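What follows is one structure encoded as C-alpha cells, with my remarks underneath.
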Amino acid sequence: MMKILLLVLVFAAAAGAGVYLLDDSGYVLINIGDYIIETSVVTLVVVAVFGGLLLLLSLRALRGSLRAPSTIRRSLRQRRIERARSSFLRGLLRLSQGRPKDAEVDLVRHAAHHDYALLNYLAAAEAADAIGATDRRDRYLELAFATRPDAELSVLLKQADLQTRRGRHAEALATLVRLRDLHPHHAGVLRRLVTVYEQAGDWEPLRSLLEQIERDKVIPEDRWQALMQRCLQALLVAAGEHRRLDSVHGAWETIPKRFRSDAAIRRSYIQQLARSGADSEAIALITQALKSDWDGELVLLFGELRASDDVSQLATVEQWLRQYEERPELLLVAGRLCLRGRLWGRARSYLEASLTQRKAPDTLFALARLAEETKEPERARGLYREGLELALAD
C-alpha cells in the first residue's frame, strides 16, 4: 500500500512540475565526451522519473528471481511437513481401530519429515508387534532412539511394554532393571516392574519391591494391599511344597505382624501346616480363629484333619453349629465326622440338612459313601451320578 502511495505521489509531483514548466520548459545541455545531449527540463525530469521506476522494477524482479529457489524450498518443506503430520495422525487412528498393518504403513511413510519422528517410530513399533513383525518392530525402536538419543527412557519403556505384552518376561525384566538403574524413582518404571514380577510369579522380588515402594504411593493402596496379600500367600504355598514343617514355620516368621491377622494369609498358613502333616497345630489354629471369625474354608479343612480325639473334634463342630447356626459347611463337616465315627444316623441327619441348604457335589458324595456303608448300593450309585453331573455342570 505504501509503495502504491509513493508511486502516486511521484506521478503527481511530475505532473505538477510539468504544468509549472509548461510555459517555460527550460533548456538543458549535457556534454559527455564527443556526445552532446540537448533537451528541455520537462523531458529530462520525465525521463529521469521513468528511468528510476524502470530501474526499481528491474531490481525487484532480480531480487525475486534470486529468492525464488529458497521460497520454493520452504514451500516444498512445509508441504512435506503437513503430509507427515497427516500421515502420522491417520496412522494413530488406524492403530486405535485395530488395523495395525495399515497403521504401520502410514506411520513410517513420511516419518523422516515429521517434527516428532520419535513418536512415529514408537507407534510403528507397536503396530509391527501387533502383527508379529518382530524384526521391523526392533528396527523401529532403533530408529526411534537414533532420532532422539535423549529419549532413551521413552524408547525403553515402549520396548518393555511390548515385551510384556508378548509374555517375554525375562526380556522385559532385563529392560526394566536397566531402566531402574538409570531412573530409580521413576513411577512408570516401578509400576511396570510390579506387573512383570506378578505375571512371571517372581514373588520374592515382588515382595521386596512392594516394601520399597509402599511409602511412594506408586500404585493405589488397595492394589498394593491385594498384591502383598497374594505375594505372601504364594510364598507360604511355595514353602509348603517341600512338605517340611520348618520351611512353613520359617516362611510364617517372615510375614509382617500386621498381615498375620489377615484371614486369607492365616488360612494359607494353616493349609500349609496341614500339608506338612502338622494336623494338631492346624486344628489348634483353626479352633482359635473360629472363636471370633467365621471362615467356611477353614471349617472344611478342619473336617479333613485328624485329631487325637475324634469325639472332641465332633464336639467342637457341634459347638460351632450353636455359635454360627446351621451353616451348610458346618453340617457337611459334622456329617463327615459322624461318618468317620460310624455314627450312621447322625451322619445322615447332618448331611441331608446340609443338602437342603445347599446342593453341592461334596455333600452328595458323602451321602453316597454313607449309602455304601449302610448297604444301599442303588442309592449310592444314584447319589454318585447326581454328584458327578452337578460337578461337571459347575
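The values are calculated or read from the model by the stated rules, or taken from the named source; none is laboratory data. Fair warning: this is a prediction, and the values are worked out from it, not measured in the lab. Every residue, glycine as well, gets a Cβ built from its backbone with ideal geometry; the counts of neighbours run over all protein chains shown.
Looking only at segment 175-234, residues that are over 30 Å from residue 249 (Cβ atoms) and of a type in the set (S, T, N, Q) come to 2 in all. Only residues that are part of a loop (DSSP other than H, G, I, E, B) and either at pLDDT 95 or above or within 12 Å of residue 300 (Cβ to Cβ) (or both) were counted across segment 322-341, and they come to 1. For segment 55-108, a residue qualifies if it is in contact with a Phe, Trp or Tyr (Cβ under 8 Å, 6 or more places away or on another chain) and at pLDDT below 65, but none of them does. If we scan segment 148-164, do we find a residue that is part of a helix (DSSP H, G or I), under 30 Å from residue 232 (Cβ atoms) and among the hydrophobic types (A, V, I, L, M, F, W, C)? Yes. Look at segment 279-301: where a residue is loosely packed, with under 14 Cβ neighbours inside 10 Å and a partner is small (Gly, Ala, Ser), sitting 6+ places away or on another chain with Cβ atoms under 8 Å, you get 280/307; 280/308; 293/263. Only residues that are assigned to a helix (DSSP H, G or I) and within 42 Å of the chain's Cα centre (by Cα) were counted in segment 269-292, giving 11. Selection of segment 298-332 for residues being farther than 20 Å from residue 353 by Cβ and within 42 Å of the chain's Cα centre (by Cα) yields 298, 301.
So, residue 260, is that one surrounded by fewer than 20 Cβ atoms within 10 Å (Cβ to Cβ), under 28 Å from residue 360 (Cα atoms) and under 43 Å from the mean Cα position of the chain (by Cα) or not? Against the criterion (surrounded by fewer than 20 Cβ atoms within 10 Å (Cβ to Cβ), under 28 Å from residue 360 (Cα atoms) and under 43 Å from the mean Cα position of the chain (by Cα)), residue 260 does not qualify.
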